[in-house]
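See below for the structure under consideration.
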Amino acid sequence: MIPLSWYLLVAAALFCIGLYGVFARRNAVAILMAIELMLNAVNINLVAFWRYVTPEESTGMAWAVFVLTVAAAEAAVGLALVISVYRNRDSVVADDLDLMKN
Amino acid sequence: MFEQILFVLLTIITLGSAIVVVTHRNLFHAALALMVSFAGVAGFYITLDAGFLAAAQLLVYIGAISILIIFAIMMTRRLMQATEQPFNSQRGLSIVGALASLVIMALVIAQYWPIAPNSEVPMASKTILEDAILQGSVAELGRSFVNVDAFVVPFELASVLLLAALVGAILVAWPKTEDQT
Amino acid sequence: MSLTDLLYQIFGNQPWVDLIASLISIFTISTFLLLIVIFLIWLERKVIARMQDRIGPNRVGGRYGALQTVADVLKLLTKEQITPSGADYLIYNVAPILTVMAALLVWAVMPFAPGLIGVDLNVGIFYILSVSSVSVVTVLLAGWGSNNKYALLGGFRAVAQLVSYEVPMILALLVPIILARTMSTVGIIEAQSIPYLFMVPLAAVIFFISALAETGRTPFDLLEADSEIVAGFHIEYSGMKFGMFFLAEFIGTLFMSGLFAVVFMGGWNVPIINLILTFFGAQPVNFAEMGVLGTIIGLGVFFFKMFFVYMIFIWIRGTWPRVRVDQILNFNWKLLVPITLVMILVVAVLDKLIPPGTNELVRASLHLASNILIVFVTLEILRRNGRRRRMQAVQAGTELEEIETGAHDIAEAAHAH
């Protein structure tokens, strides 16, 4: 007896926590962790809608699997970039990477 | 009744560890809390009858991405890391912004799908699925991935994307000179 | 006749009966596992000792040393637990707990007997693979939390091996899933009218090798190579925390042997009996319908098969030397993964081409023929490759081993200076 809105609220809360993490953290790896939280929130949203609206079709679940895949690929490339930036600039603090500023 | 208790428990675990992820000073503890949060999300998938997705979440996120994140934390540390501040100057504004967006989203949700758990509101409870549909859901998903009218093109594109990410990540992180390893 | 049905008969159809049944089965499986490790450790020590022409423990508890493991556990429990200075308190203590947790969680889908399974998920094999990959992270946490460079290096090596060998394990487990059209463990047992060991032996061998590597047994035991890096990622753990890692390794090994018995050898079924009976025109026997007697017979058959495979694990440990870490990764990525990918392709295409109504024996012999073909082609490629490199070595005037390990290039570079 759980209404759909409960799942949506949890997903919204997780998304907002991730949003706060992306804006407020200094370390680039911490920002990437918060992005993963946001992607998870989106996935919960998708799967909740799939289960409550069209559970016989597999569209929702397939879409959620694709989001999972893309998130994994993006995490891999993002972390490789962070490591490469650390090697060249010796800092992963997002404020220090301002070469293109002004 | 059990369902609601389980749901509240999962919510506390997931959201609590998510808050630890974005606020904790020690990045390693934040990565550990991220793993707990992923496990909580997998628990949500199980309550939504998406067992395949829950196992995929465990396999991909906890078994692979968490290891990547821990490696990245280890390789980008400096000696004075523990005394660094975790937050930048936008902290106050971002708390306000995040809370504002949460309030707006909650209002929109509550307007279309009411929150009270009684059975007259629309989408108040899950439709009971027959066993046959539940048992065959993974096969249905598999068929939709290779069906020309369904998702074969996104499926192939996702595999090309993974290949590109694999090659790209290796190339980007390859040490240029010997003293960079 | 499962536990849930029994409880329904006693208590009626109430919602908390499911909960009680689940709790009872969780308790039973966990207690059984934690107690059987005592027997397993003793068995391993005795068998390896006999293989090495000595006797093994024979003092504690009678002539056969039966209580030796109990004495070891008591020793571990009373040892002083030294925490290294600077160790991260949370991560250092959580790592052994997580390892045992992951090792115990996978047993939920192991079918012991008809009706005796924790939960019959329809994604059983996938669940096993995902929970096994959780135990990879704990190795890294243990290596990091010890605040010790060498533990960290041991953790890196261990993670490299574990993550690499997950790939052929997952792909080799896909082959019985393709043949049985289901991921549920009970479904795979029931679909084996001929054990998959005889139908796709290459998949069985590849799964066995990757299971050896995933559990960290010899010849892939650089995770805890006692003579090389002094216990690798769990150097700094003493007392019962080390006991937890030890426990998790044995539970994991037993699980892999049980999984091999279920997926490739027919689980609690004895398919030969049914083959012989249908050959002679009699009625095939099905343990699932025989009530309590069927459960007991199935349980016995399953345990026999599981311990048979476990003895092969012990046999390999007592006989073969350790593989070097670069050889392990080379072997995996250059040999196992390509051959497994080719095998999946061949099995899937062949199974689709075989019309659905054919005799099981015909289908089995076609798959067996394709597997033997793959093995022959691979061995031929390896043979020609080896011959070509040996010719190169003869022309360069050195031995093949020097070219392989790069010693030749180093010697040349040293001469050039």
Furthest towards positive pole of dipole, B:PHE28, C:VAL270, C:LEU43, structure part the protein assembly as shown, Cβ charges: C:LEU43
Mean separation of Cα contacts under 8 Å (6+ apart) over length of the stretch C:1-147, as relative contact order %: 24 percent
Max mean-square fluctuation residue, GNM over chain B, Cα-Cα springs under 10 Å, options B:ILE95, B:ILE13, B:ILE73: B:ILE95
Helix B:27-47 vs. chain B, principal-axis angle (Cα, 0 to 90°, nearest 10): 20 degrees
Alpha-carbon centroid distance for the pair the stretch C:278-329 / the stretch B:15-70, whole angstrom: 35 Å
Cα-based reach from C:LYS305 at 23 Å (exclusive), listing lysines while leaving out same-chain residues under 8 positions away: C:LYS46
Spacing of the two label points (7 Å from each Cα toward its C-beta) at C:LEU361 and C:LEU277, in nm: 1.8 nm
In nm, spacing of pseudo-spin labels at B:SER89 and C:PHE308 (7 Å Cα→C-beta vector): 7.3 nm
Amide N proximity, the stretch A:9-23 versus B:VAL96 label position 7 Å along Cα-to-Cβ, cut-off under 14 Å: none
Added length on full extension, which subtracts the Cα-Cα distance from 0.36 nm per residue, C:ARG387 to C:GLN327: 19.7 nm
Ranked C:VAL106, C:VAL362, criterion: other C-beta atoms within 10 Å, fewest first: C:VAL362, C:VAL106
Full-extension gain in nm, C:TYR64 to C:ILE316, via 0.36 nm per residue minus C-alpha separation: 88.4 nm
Candidates A:ASN27, A:ASN43, A:ASN88: whichever shows maximal mean-square fluctuation once chain A is modelled as a Gaussian network with Cα springs under 10 Å: A:ASN88
Size of electric dipole in chain C: Cβ of Lys, Arg +1 and of Asp, Glu -1, about Cα centre, debye, nearest 20: 720 debye
With Cα atoms, 0 to 90° folded angle of helix B:91-112 axis to chain B main axis: 10 degrees
The stretch C:79-325: relative contact order as a whole-number percent, Cα under 8 Å and 6+ apart: 27 percent
Qualifying lysines (Cα of each under 29 Å from Cα of C:LYS352; at least 8 residues distant if same chain): C:LYS334
Distance (nanometres) between label positions extended 7 Å along Cα→Cβ at B:ILE133 and A:VAL93: 5.5 nm
Chain B: most fluctuating residue of B:LEU161, B:LEU141, B:LEU129 per GNM, C-alpha cutoff 10 Å: B:LEU161
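Only the coordinates and a few stated rules stand behind these numbers; no lab work does. As the structure is a computational prediction, the values presented were derived from the model and not from experiment. Ideal geometry is used to build each Cβ from the backbone, glycine not excepted, and the neighbour counts take in all protein chains shown.
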